[in-house]
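Enquirer: Input: one structure, supplied below.
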Amino acid sequence: MRFDDLDARMRQYETAYDFCIPEQNHIVVRLDGRGFTRLTKEIWQFEALFDIRFRDRMADTTAALLDCGFNIAYGFSQSDEISLLFQHDEYTFKRKVRKIITTLAAEASAHFSLAQGSRATFDARVCVLPNWGLVRDYFAWRQEDAHRNALNAHCYWLQRKHGISPNAAAEKLAHLSRQQKHDFLFEHSINFNDLPAWQKRGFGIYWQTVAKQGFNPQTGETTETTRRIITRNFDLPLREEYVAFLDNFQVA
C-alpha cells in the first residue's frame, strides 16, 4: 500500500475523537498534582500545614504556564491545583482539547520537576463554559474550596499535634459546622480570620501592563514605554469583591 493511502487511512483513527471547543465558549483548564499528598510529606518533606516553599513552587509553575505559548489571562492556584482562564479569542491548536490538556500537563510537570529536582506529574481537564457568569462562578467555587480546605486542615493538624489519631481527627471534623471549626481553633488561640490570605483563598497569577522609563541618548529626552509583566497576588479579595476582581480579565 502506498504511504499516502496508509497515512490517510490511519489518521482518521487517530483524530476520530478530537473535540475542538467552539469559539463562543470560554476555556478554563484545571491541573492537579498526581500523588502530591504523599510526595509533599514523605518525599519532599514540606512542612504541614502550609509550607511557603511549596506555595512558591506552585506560583512559579503557574507563572511558567502563563508564558508557555498559550494566551492565558488569569491563573489561580490553591493547594496542588492550578486553574487557567484562556483569553476568549485564544485559537492555539485550533482549540483542540487533546492538544491543550496534554501540552499544559507536560509543561507543568516538566517545570515543577526541574525546579524540585524530583519527578512530579500533573493531570489536566478542560471546563467549557458558555458564558462569563459561569467563569465567575467557577473561580468563586475554587476559592471557596480553598477556604474550606484551609479551615479543615488547620483543625485537623491542631488535633494531630495534640496526639489525636488521624482517624479520630477526621471523624471529629465530620461532625463540626463551619462556625464550630472556627470556635475550636479560637479556643486554642488561633483566629482563622487572621491567617495569611493565600492560605485561606489561594492566590492569583496574571499579566499586568506597567510603564517603564527610558532614556534616548540621541535627543537627551526621557522616554516612557509599556511592557507586560507577570504579577503574583497573594492577597486576593474575598467573595463578592473577588468576583468583581475577576471582571478585569473578561474580554468580549
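The values are calculated or read from the model by the stated rules, or taken from the named source; none is laboratory data. Just so we're clear, the structure is a prediction, and the values are computed from it rather than from any experiment. FYI the Cβ positions are ideal-geometry reconstructions off the backbone, even for glycines, and counts take in every protein chain you see. Accessible surface areas use protein heavy atoms only, side chains included; no ligands, DNA or RNA. Shrake-Rupley method; radii C 1.70, N 1.55, O 1.52, S 1.80 Å.
Enquirer: Excluding ligands, DNA and RNA, what is the solvent-accessible area per residue of the stretch 58-109 at a probe of 1.4 Å, expressed in Å²?
Expert: That works out to 33 Å² per residue.
Enquirer: Continuing with the same structure: Cα-based Rg (one decimal) and Dmax (whole number) for the chain, in Å?
Expert: Radius of gyration, then largest Cα-Cα span, for the chain: 22.2, 78 Å.
Enquirer: Please give the solvent-accessible surface of Leu49 in Å², to the nearest 10, using a probe radius of 1.4 Å with every protein chain present.
Expert: Surface open to solvent at Leu49 totals about 50 Å².
Enquirer: Give me the distance in nm between label points sitting 7 Å out from Cα along the Cα-to-Cβ direction at Asp18 and Lys161, one decimal.
Expert: 5.4
Enquirer: Run the numbers for Phe215 and Asp51: contour at 0.36 nm per residue of separation, minus the present Cα-Cα distance, in nm.
Expert: The Phe215-Asp51 span can extend by a further 54.8 nm.
Enquirer: Could you work out the percent of alpha carbon pairs in the stretch 42-81 separated by over 10 Å, rounded to a whole number?
Expert: 74
Enquirer: Can you sort Tyr13, Tyr91 by solvent-accessible area, 1.4 Å probe, largest first?
Expert: Descending order: Tyr13, Tyr91.
Enquirer: Could you give P(r) for the stretch 18-114, binned at 10 Å from zero, as whole percent values over all Cα-Cα pairs?
Expert: Reading the bins upward from 0: 15, 47, 26, 11, 1.
Enquirer: For Arg9, Arg30, give the ranking by accessible area with the largest first, probe 1.4 Å.
Expert: Arg9, Arg30
Enquirer: Please tell me the relative contact order of the chain in percent, rounded to the nearest whole number, where contacts are Cα pairs under 8 Å and at least six residues apart. Working shown, then result.
Expert: On the way: 336 pairs, mean separation 54.3, N = 252.
Result for the chain is 22 percent.
Enquirer: Can you give me the solvent accessible area of Thr222 with a 1.4 Å probe, rounded to the nearest 10 Å²?
Expert: Number for this one is 100 Å².
Enquirer: Related question: Does anyone have the angle between helix 52-66 and the longest principal axis of the chain? Alpha-carbon axes, 0 to 90°, nearest 10?
Expert: 20
Enquirer: Do any of Lys96/Lys200; Lys41/Lys181; Lys94/Lys200; Lys41/Lys172; Lys41/Lys200 go past 30 Å between their Cα atoms, and which?
Expert: Long pairs (Cα-Cα over 30 Å): Lys96/Lys200; Lys94/Lys200.
Enquirer: How high is the relative contact order of the stretch 139-252, in percent, with contacts defined as C-alpha pairs under 8 Å that are six or more residues apart? Please list the in-between numbers first.
Expert: Values: 107 pairs, mean separation 28.1, N = 114.
So the answer I get is 25 percent.
Enquirer: Further, regarding this structure: Quantify, in whole percent, the carbon and sulfur part of the accessible surface of the stretch 59-162 (1.4 Å probe; protein heavy atoms only).
Expert: 50
Enquirer: With axes computed from alpha carbons, what is the tilt in degrees of helix 3-14 against the longest principal axis of the chain, rounded to the nearest 10 within 0 to 90?
Expert: The angle comes out at about 30 degrees.
Enquirer: How compact is the stretch 75-186 by the rule of thumb for globular proteins, expressed as Cα Rg over 2.2 N^0.38 Å?
Expert: Relative to the 2.2 N^0.38 Å estimate, the stretch 75-186 comes out at 1.42.
Enquirer: Let me ask something else. Let me check I've understood the local charge: for Val210, count other residues with C-beta under 15 angstrom from its C-beta, Lys and Arg +1, Asp and Glu -1. What total comes out?
Expert: Residues close to Val210 contribute a combined charge of +3.
Enquirer: Dimensions of the stretch 148-252 along principal axes (Cα, Å, largest first)?
Expert: 73, 33, 21
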